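K.L.:
One structure, pasted below without further comment.
The values are calculated or read from the model by the stated rules, or taken from the named source; none is laboratory data. Remember, predicted model here, so these are calculated numbers, not experimental data. Ideal geometry is used to build each Cβ from the backbone, glycine not excepted, and the neighbour counts take in all protein chains shown.
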Amino acid sequence: MNETVIAPIAGWESFYVIVGSSAAALTGLQFVVIALINDLHTPRSGAAIGAFGSPTVVHFCIALLTSAVLSAPWHTLGSPAVVLGATGLAGLVYAAIVIRRARRQTDYKPVFEDWLFHAALPVIAYASIVVGAIEMLARTDTALFAIAAATLLLVFIGIHNAWDTVTWITFVAKDRPVNGSGAESAPAVAPALASSESASPPRETERVETR
C-alpha cells in the first residue's frame, strides 16, 4: 500500500465518521415525518412526496455514501475519484428530476426558500462533488475540502427540509379547514412554511366549559 497516496484521505477519517454516522441516523427522521403525515389522514400526493420528501432521504444517503467511499482503504486516489465523480453526476441528474417534479406538482406552491434548499443548494453540492472528484489527483487537498464541504452541505439541506416538513405539519396542516369530502384541503407534504403562514402563530381552539 502506498502510504503517500492515501495519506490525504486518512486525515479526513474522523470527519467522515461523524458526518456519515449523522447522515445515517438522520435518515430515520424522514421516516418519522412520513409517519406524521400518515396520522393526518390526508390524501397523499406522489408528486409532492417525490419533489419534497424523497430528496431528503437521497441527500442523507449520498452523504453517507461519500463518507463510506472516503473512509475505505483505497490504494490510489483514482478509484475514489471515479466513484465520487459518478455519484456527483447521478446527484445532478436526480436534482434536475426533483426540480421538474416540483414545478409540475400542484399540491404546494414553492416559495424562495423552497427553491433554495430543494433546487439551488443541492445542485451546488453535487456539482462540488463532481469538481472535487475531477481535481482530486491534481489538487488533492483543495478537492478534499470541496467534497467535505459538499457532503456537510447535503446533511444540512436534509435537516432543514425535514424540519420544515415537521413544522408545516405541526403548525399549518392541523389547522387547515376540511373540504366537503372530509379531507384537508392542504397538501400532504410541504417543504416549508409559506411566508404568510409562518408569520402568524397557530390559532388556539376555544374551550367550552360545561357546568
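K.L.:
Residue 133 - would you say it is surrounded by 19 or more Cβ atoms within 10 Å (Cβ to Cβ) and in a helix (DSSP H, G or I)?
P.N.:
yes
K.L.:
Give me the residue from the range 69-98 that is under 22 Å from residue 165 (Cβ atoms) and buried (at least 19 other Cβ atoms within 10 Å of the Cβ) and, out of that set, modelled with the lowest pLDDT.
P.N.:
My answer is 98.
K.L.:
Select from the range 35-54 the residues that are modelled with pLDDT of 70 or more and touching a Ser or Thr at 6+ places or on another chain (Cβ under 9 Å) and write down the one among them that is surrounded by the most Cβ atoms within 10 Å (Cβ to Cβ).
P.N.:
Per the stated criteria, the residue is 52.
K.L.:
Another question, then. Return yes when residue 131 is at pLDDT below 90, over 16 Å from residue 53 (Cβ atoms) and aliphatic (A, V, I, L, M) and no when it is not.
P.N.:
When the stated conditions are applied, residue 131 does not pass them.
K.L.:
Right, another one. Considering the range 91-112 alone, what residues qualify as being touching a helix residue (DSSP H, G or I) at 6+ places or on another chain (Cβ under 7 Å) and outside any helix (DSSP H, G or I)?
P.N.:
Passing the criteria: 105, 107, 108, 110, 111.
K.L.:
Here's something else I'd like to know. Between a first residue in the range 157-179 that is crowded, with 20+ Cβ neighbours inside 10 Å and a second residue that is among the basic types (Lys, Arg) and modelled with pLDDT of 70 or more, which pairs have beta carbons less than 7 Å apart while being 6 or more apart in sequence or on different chains?
P.N.:
Hits for this filter: zero, empty list.
K.L.:
A follow-up question, please. Which ones in the range 139-155 are farther than 16 Å from residue 95 by Cα and part of a helix (DSSP H, G or I)?
P.N.:
Correct list: 140, 141, 142, 143, 144, 145, 146, 147, 148, 149, 152.
K.L.:
Give me the pairs: first residue in the range 14-31 and surrounded by fewer than 16 Cβ atoms within 10 Å (Cβ to Cβ), second residue in a helix (DSSP H, G or I), beta-carbon distance under 6 Å, and six or more apart or on different chains, which are they?
P.N.:
Matching pairs, first to second residue: 24/64.
K.L.:
Condition check: aromatic (Phe, Trp, Tyr) and more than 25 Å from residue 15 (Cα to Cα). Does residue 145 satisfy that?
P.N.:
no
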